[in-house]
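J.: Pasting in a structure now, in structure tokens, and then I'll have a few things to ask.
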Amino acid sequence: MDLLDVLVEKGLRREPPTREEALAVLATSDDDLLDVVAAAGRVRRQWFGRRVKLNYLVNLKSGLCPEDCSYCSQRLGSKAGILKYTWLKPEEAAEAAAAGVAGGAKRVCLVASGRGPTDRDIDRVSRTIEAVKDQNEGVEVCACLGLLSDGQAERLREAGADAYNHNLNTSESTYGEITTTHTYADRVDTVEKAHGAGLSACSGLIAGMGESDEDLVDVVFALRALDPDSVPVNFLIPFEGTPLAEEWNLTPQRALRILAMVRFVCPDVEVRLAGGREVHLRTLQPLALHLANSIFLGDYLTSEGQAGKADLEMIADAGFEVEGTDTPTLPRHRAEGAGVCGSVRDGEAAGCGEDAAGCGHGPAGCGGHSGAGPAEEPVGQDAPAAAASPRTDLVAVRRRGAGTDLAPNA
């Protein structure tokens, strides 16, 4: 049977591909790209129909992070000209969140830079969660505050948080090359703490940091084993003033293959199209909606995104619809806690159900990425010169929204 036929059949059964099959997706040629998108799109529609969940980021505290994640514009020693400010007041955060909710966002992601929250920070964020929920009926709230200590996830859940985000970012074998101030195991521990507290776990990756195809497959299979409800897929933006500022190696075609591979490995999980989509997918963003069932609306943490109005027009023009607050996100079997990402329980392949989460990349926050390393080209593929040319003019530091006097881009 043809590879794509095999992958579709497995995805419809919630059965994961083999590592070799996942690697083969990344090695397909540009000539086969539309076939790959169509195949993964069948799996996406089986579990999520044509709905697109909208998520909105609120940066509670920007910059001044003591961690040294080389991809991040908020890192220790970053010279990126980003906004820097301390904690927003609960009412300020709620006001910022309202702009995203008015644009159709179903989930608000509250993010703060730093290694992890203190107990005082948890008190502050708890008040912010309450303010956001009081002023925005029906909205889901995800927290993204870095590494969690014992008991903190439980406190966030008691305050009304629905989810917690902390990304693995890359494979365990290469993690030490991008960060030295904490470990891969620290990140896994935080995702497990969130899961154990009854929060909807959200954890994803950042593509383009010099990783091999094997690294990408490793991190996606590691995510599958952690069983998050949501997997954000970020594409790195090389910010000036960060260690990886000069690396531009992702193409729109490569980005689509990565999304397709993630969908095949985790067929019934919310796959979120996250930071860097505007820069790396460019005019092929609508094709990504056939693979991902969730996106961020408007701006990211430290970088400007596509205008919210343009996002909504893109979704409608591509034949998709915005998911309402009264519509469950995940398939029923996942909402009821019945199965692991891509696994089959008692042969069931159920319909559609509830919830997920999403932000960006751990303590440094979401979407404000820096750095992209060499992306290995698939065997036999010669990327067109135009497709390989980066659009550096699309990289813009965020100067509006939360923490400024300017209206948000929502």
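J.: Does at least one position in segment 154-171 carry a residue that is surrounded by fewer than 23 Cβ atoms within 10 Å (Cβ to Cβ) and of a type in the set (Val, Ile, Thr)?
T.: No: zero hits.
One line per residue, one yes/no per condition, for (1) in contact with a Cys (Cβ under 9 Å, 6 or more places away or on another chain); (2) modelled with pLDDT of 95 or more; (3) part of a loop (DSSP other than H, G, I, E, B):
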residue	(1), (2), (3)
Ala105	no, yes, yes
Cys109	yes, yes, no
Pro117	no, yes, yes
Glu130	no, yes, no
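J.: Still on this structure, please answer the following. Just name the residue that is surrounded by the most Cβ atoms within 10 Å (Cβ to Cβ) out of those in segment 281-309 that are small (Gly, Ala, Ser) and modelled with pLDDT of 95 or more.
T.: Among those that are small (Gly, Ala, Ser) and modelled with pLDDT of 95 or more, it is Ser294.
J.: For Gln253, which of the numbered conditions (1) under 24 Å from Asp30 (Cα atoms); (2) of a type in the set (S, T, N, Q); (3) modelled with pLDDT under 95 fails to hold?
T.: The number of the failed condition is (3).
J.: Now a separate question. Which number in (1) surrounded by 19 or more Cβ atoms within 10 Å (Cβ to Cβ); (2) over 23 Å from Asp123 (Cβ atoms) marks the one condition that Leu60 misses?
T.: (2)
J.: Take the residues of segment 1-57 that are under 18 Å from Glu321 (Cα atoms) and among the charged types (D, E, K, R): which is surrounded by the fewest Cβ atoms within 10 Å (Cβ to Cβ)?
T.: Looking at residues that are under 18 Å from Glu321 (Cα atoms) and among the charged types (D, E, K, R), I get Arg45.
J.: Under 8 Å by Cβ, and 6 or more places apart or on different chains, what pairs join a residue from segment 8-26 that is closer than 24 Å to Leu250 by Cβ and of a type in the set (D, E, K, R) with one that is buried (at least 21 other Cβ atoms within 10 Å of the Cβ) and at pLDDT 95 or above?
T.: Arg19/Val217; Glu21/Leu7; Glu21/Phe264
J.: On the basis of being closer than 19 Å to Leu273 by Cα and among the β-branched types (Val, Ile, Thr), does Val25 make the cut?
T.: So Val25 passes the test.
J.: Going by what's in this entry, would Pro267 be described as at pLDDT 95 or above, surrounded by 24 or more Cβ atoms within 10 Å (Cβ to Cβ) and over 19 Å from Ala40 (Cα atoms)?
T.: For Pro267, the condition - at pLDDT 95 or above, surrounded by 24 or more Cβ atoms within 10 Å (Cβ to Cβ) and over 19 Å from Ala40 (Cα atoms) - is not met.
J.: Give all pairs with beta carbons closer than 6 Å in which a residue from segment 318-331 that is among the small types (Gly, Ala, Ser) meets a residue that is in a loop (DSSP other than H, G, I, E, B) and modelled with pLDDT of 95 or more; count only pairs at least 6 apart in sequence or on separate chains.
T.: Hits for this filter: Ala318/Leu289.
J.: Among the numbered conditions (1) assigned to a loop (DSSP other than H, G, I, E, B); (2) surrounded by fewer than 24 Cβ atoms within 10 Å (Cβ to Cβ); (3) among the hydrophobic types (A, V, I, L, M, F, W, C), tell me where Phe239 comes up short.
T.: If we test Phe239 against (1) assigned to a loop (DSSP other than H, G, I, E, B); (2) surrounded by fewer than 24 Cβ atoms within 10 Å (Cβ to Cβ); (3) among the hydrophobic types (A, V, I, L, M, F, W, C), just (2) comes out false.
J.: Name the residue that is farthest from Lys133 (Cα to Cα), counting only residues in segment 164-215 that are within 13 Å of the chain's Cα centre (by Cα) and in a strand (DSSP E or B).
T.: Among those residues, the one meeting the criterion is Ala207.
J.: To continue, here is another question. Do the conditions hold for Val101, that is, is it within 23 Å of Thr329 (Cβ to Cβ), assigned to a strand (DSSP E or B) and either of a type in the set (Val, Ile, Thr) or touching a helix residue (DSSP H, G or I) at 6+ places or on another chain (Cβ under 7 Å) (or both)?
T.: When the stated conditions are applied, Val101 does not pass them.
J.: Consider Val233 against the criteria (1) within 28 Å of Thr18 (Cα to Cα); (2) surrounded by fewer than 24 Cβ atoms within 10 Å (Cβ to Cβ): it satisfies all of them except one. Which criterion is unmet?
T.: (2)
J.: Here is a further query. Note down all Cβ pairs under 7 Å where the first residue falls in segment 135-149 and is without any contact (Cβ under 8 Å) to a residue 60 or more places away in the chain, the second is not in a strand (DSSP E or B) and not aliphatic (A, V, I, L, M), and they're at least six residues apart or on different chains.
T.: Cβ pairs passing all conditions: Val141/Lys133; Val141/Gly160; Val141/Asp162; Leu148/Gly116; Leu148/Thr190; Leu148/Lys193; Ser149/Gly116.
J.: Further, regarding this structure: If I filter segment 114-144 down to residues being in contact with a helix residue (DSSP H, G or I) (Cβ under 7 Å, 6 or more places away or on another chain) and within 20 Å of Leu297 (Cα to Cα), which single residue comes out as surrounded by the most Cβ atoms within 10 Å (Cβ to Cβ)?
T.: This residue is Ala143.
J.: If I filter segment 1-58 down to residues being part of a loop (DSSP other than H, G, I, E, B) and among the aliphatic types (A, V, I, L, M), which single residue comes out as modelled with the lowest pLDDT?
T.: Filtering segment 1-58 for residues that are part of a loop (DSSP other than H, G, I, E, B) and among the aliphatic types (A, V, I, L, M), the one modelled with the lowest pLDDT comes out as Met1.
J.: With respect to Thr329, determine if the residue is under 29 Å from Ala97 (Cβ atoms), of a type in the set (Ser, Thr, Tyr) and at pLDDT 95 or above.
T.: Considered against the rule, which asks whether it is under 29 Å from Ala97 (Cβ atoms), of a type in the set (Ser, Thr, Tyr) and at pLDDT 95 or above, Thr329 comes out as yes.
J.: Does Glu91 count as surrounded by fewer than 24 Cβ atoms within 10 Å (Cβ to Cβ) and assigned to a loop (DSSP other than H, G, I, E, B)?
T.: Taking the combined requirement at face value, the residue does not satisfy it.
J.: Taking the conditions exactly as written (assigned to a helix (DSSP H, G or I) and modelled with pLDDT under 95), does Ala153 satisfy them or not?
T.: No; evaluated as a whole, the condition is false for this residue.
J.: Report whether or not Glu278 is out of contact with any strand residue (DSSP E or B) (no Cβ under 7 Å at 6 or more places or on another chain) and outside any helix (DSSP H, G or I).
T.: Answer is no for this residue.
The values are calculated or read from the model by the stated rules, or taken from the named source; none is laboratory data. All values derive from a computational prediction rather than experimental measurement. No Cβ is skipped: glycine too gets one built from the backbone with ideal geometry, and neighbour counts run over all protein chains shown.
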